[in-house]
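*Asks:* Starting off with a structure, shown below.
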Amino acid sequence: MPHAPQIKICGLSNAADALACAQLGADAVGFVFFPKSPRNVTPDQARRISLALPDTLTRVGVFVNDAYDTVMRTITHCRLQAAQLHGQEPPGLVRRLEDQGVVVIKALFLSEDPDLSRAREYSASGFLVEQGKGKLPGGNAEAWQWEQARTIRGGAPLILAGGLDPDNVLEAVATALPDAVDVSSGVESAPGQKDMAKVSEFIRKVSKSRVGKPLRKIF
């Protein structure tokens, strides 16, 4: 039976946007803990937002090359359920976090390390795949050849990211057949400020999409 992918809205910076995403049907929201990002939030900011959200919404922290202690301290303080590792983190860090009951999403890239060929090294709960081209970690609002995500050779579910927006997400889903999709700048009016009309349209499009295979739940 065909199914629709799960939806993560990333780069949240305020409780009103996060609550609206939950009410519109998002499965997860992401908080970016990377000082160079225009969507960076402090742990205290993320905690305040997190405490305002329903328990049914998965809260994900996005980290770039942070140490285990930093990641765990932030997860605990912010009441997060998942960590998205978006740098060159070693497989051992994924295992240590999962041993603590954390859902771990590891980013893999087409244009930099770690690339898709390294998926088997990681015991991740899911792989977020994007091009990895740009000055900052993340999709940098650039669409790419989404079918390449299907070449991943790892046992974990696939999260598609990078350049997604309401206008192209149906094509992206049909091309890559992901278990989930992740969007940030594609539904914004400014960095960290979500445009709820775009969020609503994105979620509506994904919800009516159909992937002709059983999908695996991540969030």
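*Asks:* Would you check if there is a residue in region 91-100 being under 12 Å from Val71 (Cα atoms) and of a type in the set (S, T, N, Q)?
*Replies:* Checked region 91-100: at least one residue is under 12 Å from Val71 (Cα atoms) and of a type in the set (S, T, N, Q).
*Asks:* Of everything in region 141-183 that's in a helix (DSSP H, G or I) and among the polar types (S, T, N, Q), which residue is modelled with the lowest pLDDT?
*Replies:* Ranking the qualifying residues of region 141-183, first place goes to Thr151.
*Asks:* Looking only at region 24-50, which residues are free of Cβ contacts under 8 Å to residues at least 60 places away in the same chain, closer than 29 Å to Arg216 by Cβ and either part of a helix (DSSP H, G or I) or not hydrophobic (A, V, I, L, M, F, W, C) (or both)?
*Replies:* Result: Ala46, Ile49, Ser50.
*Asks:* Return the residue satisfying two criteria in turn: it lies in region 185-219 and is among the polar types (S, T, N, Q) and at pLDDT below 95, and of such residues it is nearest to the chain's Cα centre (by Cα).
*Replies:* Per the criteria, the residue is Ser185.
*Asks:* While we're here: Check off (1) more than 19 Å from Arg59 (Cα to Cα); (2) surrounded by fewer than 14 Cβ atoms within 10 Å (Cβ to Cβ) for Asp115 and give me the number that stays unchecked.
*Replies:* Asp115 satisfies every listed condition except (2).
*Asks:* In addition: Go through region 203-219 and give me each residue that's in contact with a Gly (Cβ under 7 Å, 6 or more places away or on another chain), in a helix (DSSP H, G or I) and surrounded by 16 or more Cβ atoms within 10 Å (Cβ to Cβ).
*Replies:* Ile203, the sole residue that qualifies.
*Asks:* Only one of Ala46, Ala67, Ala26 is touching a helix residue (DSSP H, G or I) at 6+ places or on another chain (Cβ under 9 Å), under 19 Å from Leu97 (Cβ atoms) and surrounded by 23 or more Cβ atoms within 10 Å (Cβ to Cβ); which?
*Replies:* Ala46
*Asks:* Which members of region 40-71 meet the condition of being under 30 Å from Pro114 (Cα atoms) and either of a type in the set (Asp, Glu) or modelled with pLDDT under 95 (or both)?
*Replies:* The answer is Asp66, Asp69.
*Asks:* OK, next. Considering each residue of region 184-202, count those that are touching a strand residue (DSSP E or B) at 6+ places or on another chain (Cβ under 6 Å), under 24 Å from Ala107 (Cα atoms) and in a loop (DSSP other than H, G, I, E, B), and give that number.
*Replies:* Looking only at that region, the number is 0.
*Asks:* Still on this structure: Please go through region 29-43 and pick out each residue that is out of contact with any strand residue (DSSP E or B) (no Cβ under 8 Å at 6 or more places or on another chain) and either surrounded by fewer than 18 Cβ atoms within 10 Å (Cβ to Cβ) or closer than 19 Å to Glu201 by Cα (or both).
*Replies:* Pro35, Lys36, Pro38, Thr42, listed by residue number.
*Asks:* If Pro178 passes every condition in (1) more than 14 Å from the chain's Cα centre (by Cα); (2) farther than 19 Å from Phe31 by Cα but one, which one does it miss?
*Replies:* (1)
*Asks:* Being acidic (Asp, Glu) and either within 23 Å of Ala149 (Cβ to Cβ) or crowded, with 24+ Cβ neighbours inside 10 Å (or both) is the filter here; which residues of region 169-195 pass it?
*Replies:* Correct list: Glu171, Asp179, Asp182, Glu188.
*Asks:* Applying the selection to region 70-85, what residues are surrounded by fewer than 24 Cβ atoms within 10 Å (Cβ to Cβ) and among the polar types (S, T, N, Q)?
*Replies:* Thr70, Thr74, Thr76, Gln81 - these are the residues of region 70-85 that are surrounded by fewer than 24 Cβ atoms within 10 Å (Cβ to Cβ) and among the polar types (S, T, N, Q).
*Asks:* Step by step: first the residues of region 1-23, then only those that are crowded, with 22+ Cβ neighbours inside 10 Å and in a strand (DSSP E or B), then the one that is nearest to the chain's Cα centre (by Cα). Which residue is that?
*Replies:* Only one residue fits best here, namely Lys8.
The values are calculated or read from the model by the stated rules, or taken from the named source; none is laboratory data. Only a predicted model underlies this, so the values are computations on that prediction, with no experimental measurement involved. Please note: Cβ atoms are built from the backbone with ideal geometry, for glycine as well, and neighbour counts cover all protein chains shown.
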